[in-house]
Protein chains: 2
Amino acid sequence: MYDTLISGGHLLTMAGDGVGFIENGAIAIDKGMIVAVGPRDEIEAKDEPRERIDATGCIVMPGLVDAHLHSAATTGRGWAQEISPWMASGYGPLMRHAIEEDAPLWTLLALMEGVANGTTTFGDYEFPMNELIHSHIAIGSRAVVCEGVTELNWANREQWIADGWVPGEPTPLDRELGEQTLANELDLYARWHGHDDGRIRVIFGPHAADFLSKEMLLKVQEEARKRGAALHLHTAQDARENKATEQRYGLRAVPYLDSIGLLAEDLIAVHLSVTTDDEVDLVARRGARMICCANSIGIIDGVLPPARRFLEAGGVVGFGTDQSPGNNSHNIFAEMRANAMFAKIKTEDPLVMPAWQVLRAATIGGATALGIGDLTGSLEVGKAADLIFVDATRPPMAPVLLEPARNIVPNLVYAESGSNVVLNMVAGRIIYRDGTYTLIDEAETKQQVADAAKRFTDKVAADPGVNELPIVQLTRTGRH
Amino acid sequence: MYDTLISGGHLLTMAGDGVGFIENGAIAIDKGMIVAVGPRDEIEAKDEPRERIDATGCIVMPGLVDAHLHSAATTGRGWAQEISPWMASGYGPLMRHAIEEDAPLWTLLALMEGVANGTTTFGDYEFPMNELIHSHIAIGSRAVVCEGVTELNWANREQWIADGWVPGEPTPLDRELGEQTLANELDLYARWHGHDDGRIRVIFGPHAADFLSKEMLLKVQEEARKRGAALHLHTAQDARENKATEQRYGLRAVPYLDSIGLLAEDLIAVHLSVTTDDEVDLVARRGARMICCANSIGIIDGVLPPARRFLEAGGVVGFGTDQSPGNNSHNIFAEMRANAMFAKIKTEDPLVMPAWQVLRAATIGGATALGIGDLTGSLEVGKAADLIFVDATRPPMAPVLLEPARNIVPNLVYAESGSNVVLNMVAGRIIYRDGTYTLIDEAETKQQVADAAKRFTDKVAADPGVNELPIVQLTRTGRH
């Protein structure tokens, strides 16, 4: 006897180096783990389940991995567009009014969006994670979290300017803030790492090469390595970062990070937006993993990060949704499509970034990037039962064509939006089914979101300094 | 007294040159037409409705216009990817097995997808429209249809080859087929134009400059103009077309069409994929309208059609979903996002193709392009009540921020997939609400689709000629 049999659908297991398709397959689950997977007849002949879940008409596949997001920024969803530079002329001046007490609610909203659209694992890089962690626990998804370590203290901005700092230049660093944020990270790790049978994992988040001194970066690395935890680092994310490391250490960000031993297998390198081909190859060669946030970086900067080259260099790529003021969603189906399509548009070659490769990045790639590829990301014996059902009886998944050519994977990547996700299971527990979250109250959350949005916009609108912002002007002219 | 009051939501009317936002607005509808639109208090003070529809929590906006699709091709959804050239190495050899008797079902599936995702008007270019028209009538959406006129008779392909024709070269033309397909078009027009209070309109569809002789093109134009009907023409869609017109008439497609008087206000120019900047400007200057199919052309060719330049040249642009073997969906939300994002990625400029401009193209732009801008495409007095509700209480639409900067339009364009469309109304009649089609039986259609898919794949699989196709090989290696 085992706990649960899932049968009746087609499987995309991601086992092997393709999509691991099994027509009319079945999965046996016991104590949250996959104990058998294969053709239905074969699995059903083995043993009896306590419970059966019918997947008829569905594609059953590994849950998606959102390997990099800033969950609480949903408070300002859509407030970083049609402006440039987005940080200075929209996001920054507006988001500094975000209300910290409401942050757990905004994180929950981000997770709800992800879960409804098939995400089972979130790589959440957000402050104050010691509070936000409760949202991850509540919704039931898998989480690999950090709170972030930084020595860049924006609260001192007025003082920097008084001292002669020019916006856009590398900023002074604040060791005290660095020590304090590292202490928070250590506290987070001590309290929550391994929580709930390992569903919650804590890693370390040094913000970026220009946000920390060399000494602090190395200290974070040391603390992380003591615990076997990975480093989640924004890497070569913008020109300012290269400028800062060049001024401080005489090297661009990637070679600087290499020179101090940061580029290694325990590094999760996010973005790589501002890199040379050689730098991309170097990061991959060192065994670091790349997270590509195609929609976010595409919308706010018009830039396509080098996921394709990273894959060609033999590296592991996962996808992230980043932050919703710029993205504007936490939906890995949208990231799959963006990665597949942007590469084609950029190169004018319809053969680059094929759907199967993109689907692997969104599942086993993301899991491997977050350091939990042995636990999740594919449907294989010994892994956690983190999986989703996608209803294939409706457009854009219908019709399902099996012979002589399948159409399932292209339709998942180029068309499916996540709206056909009808079941989301993490470690064998159903956390979302047929439009309903099983562990949280959606109606209550919606009302709280509406109330919190009002609090936030009232606070922002009370700041006369925002009136001249381009995004406010666009709104007033009816073009937003 | 009037028929229906819609109130409680925010409106995006598209009136004026922006998005025409009205906070807490209302719309009064009588006999299928909008008789008042404005702030809720103002509209409610005027007169009493027979029926009220509550739009609380929703964005109410004009229905989307899918200005160019080949609806019946859903039979082969997803069968034109990861291959190049897509037509010869996938679509062509597979789709020639499509079963004509099932075509109305496949059209219905395409329309169901569009309606559920907010489309109210379909510019359907498909054969045999004299049969397919019944699917348009059944679902209740607005349609501007044509069956297509062509002199290119693929049935003679073997004979061409025997006569020395080389694939890729311009093909012989078959005047008899041209006359026959024109007769079908005239028959379609006579039987269906103006059907159901004008909900069904018929225009003329000369296929492309390389599919018809000059004489036949001009004859179609003459017949269309006698009836005041527009011409729906694939224009400069590929290199083969330019090659054919150069061989036959010494000019590339666009200057050739201009030389014979085709570039005019009654021309709907689809694609313009293979054009110079001057050619794009010329088409716009002549007053012809452009339909951009960004996802289709992007996936199958890696090409971004010149919608941005066409708009800059003062032209009218609408969006189309084209055909689902290549796209793979009939979803104008996906087209909005593609148009906004691909332009940014291509130019590395996040300011091009802003959301408000894209939203206008998907509504009033598409309606104007199809020649019915006076009837639909915006929420204004005197227009048909063609509108949709988008639930904004859920991600990616939540939270709704109104002050000091709105986030509704960016979230609609950059994130919404169509899954939050909770009501679709055409000419005052609700054709879809809360996941249910009001005029057709979805469960029955799903079963018919599954059966028809089996018939189709059985027929394709019985053709040994398909075994060597790249798409079949990809499937067998687990990479599809």
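Yes/no per residue for (1) of a type in the set (Asp, Glu); (2) in contact with a helix residue (DSSP H, G or I) (Cβ under 7 Å, 6 or more places away or on another chain):
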| position | (1), (2) |
| --- | --- |
| A:35 | no, no |
| A:46 | no, no |
| A:51 | yes, no |
| A:57 | no, no |
| A:64 | no, yes |
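In region B:1-19, the residue that is nearest to the chain's Cα centre (by Cα) out of those that are farther than 23 Å from residue B:411 by Cα and open to solvent by 20 Å² or more (accessible area, probe 1.4 Å) is B:3. For residue B:358, state whether it is without any contact (Cβ under 8 Å) to a residue 60 or more places away in the chain, assigned to a loop (DSSP other than H, G, I, E, B), within 14 Å of another protein chain (Cβ to nearest Cβ) and within 24 Å of the chain's Cα centre (by Cα). Criteria not met by residue B:358. Output yes when any residue across region A:23-41 is assigned to a helix (DSSP H, G or I) and surrounded by fewer than 24 Cβ atoms within 10 Å (Cβ to Cβ), and no when none is. Yes, there is a match, as at least one residue in region A:23-41 is assigned to a helix (DSSP H, G or I) and surrounded by fewer than 24 Cβ atoms within 10 Å (Cβ to Cβ). Any idea which of (1) within 30 Å of residue B:138 (Cα to Cα); (2) open to solvent by less than 50 Å² (accessible area, probe 1.4 Å); (3) at pLDDT below 95 is the one residue B:196 doesn't satisfy? Residue B:196 satisfies every listed condition except (2). When each of A:393, A:363 is tested for being touching a residue at least 12 places away in the same chain (Cβ under 8 Å) and either assigned by TED's automatic domain parsing to the domain that holds residue A:265 or basic (Lys, Arg) (or both), the lone residue that passes is A:363.
Of the strands (runs of 3 or more DSSP E) that lie entirely inside region B:113-212, those containing 3 or more residues that are hydrophobic (A, V, I, L, M, F, W, C) span B:142-145. The C-beta contact set for region B:47-72 (first residue polar (S, T, N, Q), second residue assigned to a strand (DSSP E or B), distance under 9 angstrom, 6+ apart or interchain) comprises B:56/B:7; B:71/B:122; B:71/B:124; B:71/B:125.
Of all residues in region B:333-355, those that are on the phi > 0 side of the Ramachandran plot have Cβ atoms under 8 Å from Cβ atoms of residues that are modelled with pLDDT of 95 or more and among the basic types (Lys, Arg), 6 or more apart or on another chain, in B:353/B:308; B:353/B:344. Here residue B:434 fits the description: closer than 28 Å to residue B:396 by Cα and acidic (Asp, Glu). Where helices (runs of 4 or more DSSP H) fall wholly inside region B:378-480, the ranges with 3 or more residues that are in contact with a helix residue (DSSP H, G or I) (Cβ under 7 Å, 6 or more places away or on another chain) and more than 7 Å from chain A (Cβ to nearest Cβ) are B:442-461.
On the stretch given as region A:439-480, residues that are surrounded by 14 or more Cβ atoms within 10 Å (Cβ to Cβ), at pLDDT 95 or above and among the polar types (S, T, N, Q) total 3. Of the listed requirements (1) open to solvent by less than 30 Å² (accessible area, probe 1.4 Å); (2) more than 20 Å from the chain's Cα centre (by Cα), residue B:267 misses just one: (2). Residue B:336 - would you say it is crowded, with 24+ Cβ neighbours inside 10 Å, at the interface with chain A (Cβ under 7 Å from one of its Cβ atoms) and not in a loop (DSSP other than H, G, I, E, B)? Criteria not met by residue B:336. Kindly establish whether residue B:220 is part of a strand (DSSP E or B) and open to solvent by less than 10 Å² (accessible area, probe 1.4 Å). No: the conditions fail for residue B:220. Among the residues in region B:84-95, are any touching a Lys or Arg at 6+ places or on another chain (Cβ under 8 Å), surrounded by 24 or more Cβ atoms within 10 Å (Cβ to Cβ) and either within 13 Å of another protein chain (Cβ to nearest Cβ) or outside any loop (DSSP other than H, G, I, E, B) (or both)? Scanning region B:84-95 turns up no residue that is touching a Lys or Arg at 6+ places or on another chain (Cβ under 8 Å), surrounded by 24 or more Cβ atoms within 10 Å (Cβ to Cβ) and either within 13 Å of another protein chain (Cβ to nearest Cβ) or outside any loop (DSSP other than H, G, I, E, B) (or both). Residues of region A:54-78 that are touching a Gly at 6+ places or on another chain (Cβ under 6 Å) and within 12 Å of another protein chain (Cβ to nearest Cβ): A:56 alone.
The values are calculated or read from the model by the stated rules, or taken from the named source; none is laboratory data. Not measured: the values here are computed from a predicted model. Please note: Cβ atoms are built from the backbone with ideal geometry, for glycine as well, and neighbour counts cover all protein chains shown. Accessible surface is based on the protein model in full, side chains and every heavy atom, while ligands, DNA and RNA are left aside. Shrake-Rupley method; radii C 1.70, N 1.55, O 1.52, S 1.80 Å.
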